[in-house]
Amino acid sequence: MAAPAEKHDVFKAIADPTRREVLRLLSEDERPISEIVNHFDMSRTAVTKHLQILTEAELISGRKEGREKIYQLHPEPLTEVKQWLAYYEKFWCNKLAMLKHYVEKDNS
């Protein structure tokens with residue numbers, strides 16, 4: 001019996017620029033693996049490993065159609081990233097408000 005697939009952390013899955021580009025491609029439309037591979041300067045095996053990590057993080061899924069596997073995006077797990085970033089947004093807004101105050105004070 002095969003061991004269950006390890007669930008990858010969404011943050012680890014999106015940490016790699018290649019995987020982020022795969023997500024961007026799939027945000028436009030579902031794509032066969034052959035089309036995804038054509039966007040990268042690496043082997044099909046290397047791209048397949050990236051697709052596997054994204055699949056294990058539940059960010060994408062693939063289905064067989066004939067001899068090809070078609071991948072599609074599932075953005076729902078990215079809400080965890082959005083929530084994490086939202087916490088830090090208050091710090092960015094505070095820094096921008098301080099900069100605005102500083103600039104306006106100097107111009108007075």
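The values are calculated or read from the model by the stated rules, or taken from the named source; none is laboratory data. Predicted model only: the values in this text are computed from it and were never measured. All Cβ positions, even for glycine, are placed from backbone atoms using ideal geometry, and neighbour counts span all protein chains on display.
Only residues that are farther than 24 Å from F11 by Cβ and not acidic (D, E) were counted in the range 32-60, giving 8. Residue pairs whose Cβ atoms lie under 8 Å apart, sitting 6 or more positions apart in sequence or on different chains, and linking a residue in the range 75-101 that is among the hydroxyl-bearing types (S, T, Y) to a partner that is at pLDDT below 75 and exposed (fewer than 10 other Cβ atoms within 10 Å of the Cβ), do not occur here. Within the range 52-62, how many residues are without any contact (Cβ under 8 Å) to a residue 40 or more places away in the chain and touching a His at 6+ places or on another chain (Cβ under 8 Å)? Total meeting the criteria: 2.
Yes/no per residue for (1) without any contact (Cβ under 8 Å) to a residue 60 or more places away in the chain; (2) over 14 Å from the mean Cα position of the chain (by Cα); (3) surrounded by 11 or more Cβ atoms within 10 Å (Cβ to Cβ):
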| site | (1), (2), (3) |
| --- | --- |
| F11 | no, no, yes |
| R31 | yes, yes, yes |
| S34 | yes, yes, yes |
| M42 | yes, yes, yes |
| T45 | yes, yes, no |
| H50 | yes, no, yes |
